[in-house]
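Where a number appears in this text, it was derived from the coordinates with a stated rule and is not lab data. What you are looking at is a predicted structure, and each value in this text was computed from that prediction instead of being measured. We place every Cβ from the backbone using ideal geometry, glycine too, and count neighbours over all the protein chains shown.
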């Protein structure tokens, strides 16, 4: 998990569309458990970041995912995305 995030952080310096799609892919990875345990909070966090960076696909997926999450999970995901955006 940390290894993938480190690679993505390196890719964060790339152009906007590439970066947004990378974050969208990370959200999908956590949402589906592809190579990691399913983590809806992390999935929403990365999809939210991708949507902020301009990915329409991520915005749609984020909305779908949010419907399956509790209010506490959503609050944690939004907080995590805000913290990440502040640091990067």
One finds, for residue 25 and residue 70 with R0 = 35 angstrom and r their Cβ-Cβ distance, a FRET efficiency to the nearest 0.05 of 0.90
With just the Cα atoms of the stretch 45-88, tell me how far they stretch along each of the three principal axes, in Å, largest first. 28, 23, 8
Please find the FRET efficiency linking residue 87 to residue 59, where r is the Cβ-Cβ separation and R0 is fixed at 22 Å, and quote it to the nearest 0.05. 0.50
